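Since every read-out is calculated from the coordinates, none of them should be taken as a lab result. This structure is a prediction, so every number in the text was calculated from the model and none was measured. Neighbour counts run over all protein chains shown; Cβ positions are idealised from the backbone, glycine included.
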Amino acid sequence: MSASQSQILTTLHRAVDAVEQRINAACDRAGRKRSAIQLVAVTKTLPDNLIPLLPEAGLDVLAENRPQVLWRRHELVEGRARWHMIGHLQRNKIERTLPLVELVHSADSLRLLSAINQLALSQGHRVRVLIEVNTSGEENKGGFAPNDLERNIAAINDLRAVHVCGLMTMAPLEEDPEHCRPCFWELRRLRDSLASALAPAHSLTELSMGMSNDFEVAIEEGATLVRIGSALFGDVATGSGASG
Ligand SMILES: *Cc1c(COP(=O)(O)O)cnc(C)c1O
């Protein structure tokens, strides 16, 4: 490892500690256990050459929002990290992406869910997904509108090779994270209301919500997965040639 890499590793360790402290504090406020929340490290701002350092910094659940980038980076930490897909997944990228990920957070349409189901059926296994919900109503955001999801429950129940493990949402970018709380509250309400309508083969245990700006509020509102990028990597992504 070069001198600059070990310096970066020190910076990463510090950032992980700081985020962990914030997660723990939010858990304390909410009366929740730290073990109920999984930290998902979003690597999209990092350059490729830093990816192999992440497991050493204690980050072994990694996520990308672009399939091609995930494919490439998966190889860089083969066997040392698990990957989640958190961005829009085009149907022609499913086949190559699914074997590489343990969870798709961003199942954002019935068409995509059906396509995943068909592929999984032909391969004889079940695929774990979260359904993305547009809780903010912003037009530039993907995902099911809450009403839409409620209307589509029967169709989702028919997907035998998809295991819907929970819901995911992205709150709007707000300066005051308190303003994100209604989105998180809405996702949890939706989860509670759908849980009994969904076939027992599914289990809506997961709530993927909370990013760097708002993860503490999300934890207070019941997040089980927080997707964190800039709070972990802001200090190393700048000046190291990262783009995107
Ligand atoms: C980029 C991204 C994140 C992480 O955002 P930060 O604000 O950098 O923590 C989380 N979720 C999704 C879907 C993203 O695209």
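Below are the figures for this structure:
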| item | result |
| --- | --- |
| Flag if LEU232 is out of contact with any Gly (no Cβ under 9 Å at 6 or more places or on another chain) and in contact (Cβ under 8 Å) with a residue 40 or more places away in the chain | yes |
| Some residue of segment 176-199 being more than 19 Å from the chain's Cα centre (by Cα) and within 16 Å of the ligand (Cβ to nearest atom) | yes |
| Residue in segment 72-88 that is closer than 19 Å to ASP214 by Cα and in contact (Cβ under 8 Å) with a residue 12 or more places away in the chain present | yes |
| Filtered residues of segment 47-64 (kept if buried (at least 19 other Cβ atoms within 10 Å of the Cβ), touching a residue at least 24 places away in the same chain (Cβ under 8 Å) and either in a strand (DSSP E or B) or touching a Gly at 6+ places or on another chain (Cβ under 9 Å) (or both)) | ALA63 |
| Single unsatisfied condition, ALA218 versus (1) outside any helix (DSSP H, G or I); (2) free of Cβ contacts under 8 Å to residues at least 60 places away in the same chain | (1) |
| Residue list for segment 66-87, restricted to those being within 19 Å of GLU206 (Cα to Cα) and part of a loop (DSSP other than H, G, I, E, B) | ILE86, GLY87 |
| Members of segment 15-35 found to be free of Cβ contacts under 8 Å to residues at least 24 places away in the same chain and out of contact with any Cys (no Cβ under 6 Å at 6 or more places or on another chain), listed by number | ASP17, GLU20, GLN21, ASN24, ASP28, GLY31, LYS33, SER35 |
| Test: ASN147 is within 30 Å of HIS179 (Cβ to Cβ) and assigned to a helix (DSSP H, G or I) | yes |
| Qualifying position, being of a type in the set (S, T, N, Q), in a loop (DSSP other than H, G, I, E, B) and farther than 30 Å from LEU9 by Cα, among SER212, SER193, SER203 | SER203 |
| All positions within segment 77-92 that are farther than 29 Å from GLY58 by Cα and within 16 Å of the ligand (Cβ to nearest atom) | GLN90 |
| Condition met for SER109 (within 15 Å of the ligand (Cβ to nearest atom), of a type in the set (Ser, Thr, Tyr), surrounded by 14 or more Cβ atoms within 10 Å (Cβ to Cβ) and over 15 Å from the mean Cα position of the chain (by Cα)) | no |
